[in-house]
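Peer 1: Okay, here's the structure, questions in a sec.
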Amino acid sequence: MAYPLQGKHALVCGGSEGIGLAAAEALAAMGADVTVLARRAGRLAEVAAVLPRVHATQRHGFLAADAADTDALGVAVAGLCAAHPVHVLLNNTAGPPGGPAHLAAPEAYASVFRQHLLAGQVLVQAVLPGMQAAGWGRIVNVISTSVKEPIPNLGVSNTIRGAVASWSKTLSAELGPFGITVNNVLPGYTRTQRLDQILAERAAATGKPAEDIARGMLATVPAGRFAEPAEVAAAIAFLASPAAAYVNGVNLPVDGGRTKSL
């Protein structure tokens, strides 16, 4: 049986849980060698040990690094790429705390900008030589539907996610001639730790039970339910596959129809 990503190496950021973990599983099931990256080495070792292995030469590993420390991140990923060039990069970083944009400290914007956009730039520069040498690459950024419609009470996130989307669109034009695509997946409400965080923050801000907040959120979703991480991972896996070679520079909502804009 042929596997579409056999012989490719995927670096999955935020691979210890949630959407990142589900994406690592999906890419491994397509035959890729997968390296999961996050801060907790012990948890990453557990993940790498149980990722699917669908052919004899497949191998998985992990890299403990903090996206907020971009200097150390760059050194760590450059070392990984020197030993095992990366062909698929999944940029996926935890979302920032909620709150109105006008109340956020300037340092909050700077910190999240570093963790999301600057870390993404460091990662792209580390993996790019290997992708160019192969004449093939996939960069997928997990962002948010807020790049189309800002989400209330997520002021810092809305701002920085938009910057990442514009950076990604720019890269797609620059890297397309090298056989490298750059696309964004925009998850809607998905059953992850991030959703639990948002529910808790909104409950604290309003005094309403988290269950009522959840029902209100679901009332805006035509599908009537929260997404499972594997459903978002399926979109990521498609964009990382050879079948998506002519898909470049898009923002793909995976949100059950919640986003109202085109």
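What follows is calculated from the coordinates using simple rules that are stated; it is not laboratory data. Small disclaimer: the values here were computed from a predicted structure and weren't measured. Quick reminder, even Gly has a Cβ in these numbers, built from the backbone with ideal geometry, and neighbours come from all protein chains shown.
Peer 1: How charged is the neighbourhood of V77? Take every other residue with its Cβ under 13 Å from the Cβ of V77, and add Lys/Arg as +1 and Asp/Glu as -1.
Peer 2: Residues close to V77 contribute a combined charge of -3.
Peer 1: Charges at C-beta only: +1 for Lys and Arg, -1 for Asp and Glu. How large is the resulting dipole of the range 1-153 about its Cα centre, in Debye rounded to 20?
Peer 2: 300
Peer 1: Using +1 on the beta carbon of Lys and Arg, -1 on that of Asp and Glu, and nothing else charged, what's the dipole of the chain about the Cα centre, debye to 20?
Peer 2: My answer is approximately 300 debye.
Peer 1: With a point put 7 Å past each Cα toward its Cβ, work out how far Y246 is from E107 in nm, to one decimal.
Peer 2: 5.1
Peer 1: Towards the positive end of the charge dipole of the range 172-262, with charges on Cβ (+1 Lys, Arg; -1 Asp, Glu), say which of T259, G207, A223 has the farthest Cα.
Peer 2: The listed residue farthest towards the positive side: G207.
Peer 1: Total Lys pairs in the chain closer than 27 Å by alpha-carbon, pairs eight or more apart in sequence or interchain only?
Peer 2: 5
Peer 1: What helices does the chain have that are whole DSSP H segments, at least 24 Å long along their own axis by Cα, and with mean Kyte-Doolittle hydropathy of 0.0 or more?
Peer 2: Length and hydropathy pass: 155-175.
Peer 1: With a Förster radius of 35 Å, plug the Cβ-Cβ distance of A204 and E174 into 1/(1 + (r/R0)^6) and report the FRET value to the nearest 0.05.
Peer 2: 0.25
Peer 1: Taking the Cα centre of the range 83-232 as the origin and placing charges on Cβ (Lys, Arg +1; Asp, Glu -1), which of V164, P100, V122 is farthest toward the positive end of the dipole?
Peer 2: Highest projection toward the positive end goes to V164.
Peer 1: Using amide H atoms built in the peptide plane, which far-off residues or other-chain residues are under 5 Å from L252 H to H?
Peer 2: N184, V185, L186
Peer 1: Using +1 on the beta carbon of Lys and Arg, -1 on that of Asp and Glu, and nothing else charged, what's the dipole of the range 28-105 about the Cα centre, debye to 20?
Peer 2: Value, rounded to 20: 240 debye.
Peer 1: I'd like to compare 29-37, 239-247: which one has the highest average count of other Cβ atoms within 10 Å, and what's the full order after that?
Peer 2: Those peptides, ordered most packed to least, come out 29-37, 239-247.
Peer 1: Most exposed first by the Cβ proxy, i.e. fewest other Cβ within 10 Å, how do S16, S166, S111, S261 rank?
Peer 2: So the ranking, lowest neighbour count to highest, is S261, S166, S111, S16.
Peer 1: Please sort 49-59, 174-184 by packing, taking for each peptide the average over its residues of neighbouring beta carbons within 10 angstrom, highest first.
Peer 2: Listed from highest to lowest mean packing, they are 174-184, 49-59.
Peer 1: For the range 53-111, count the residues as N, evaluate 2.2 N^0.38 Å, and divide the Cα radius of gyration by that value, please.
Peer 2: Against the compact-globule rule of thumb, the ratio is 1.63.
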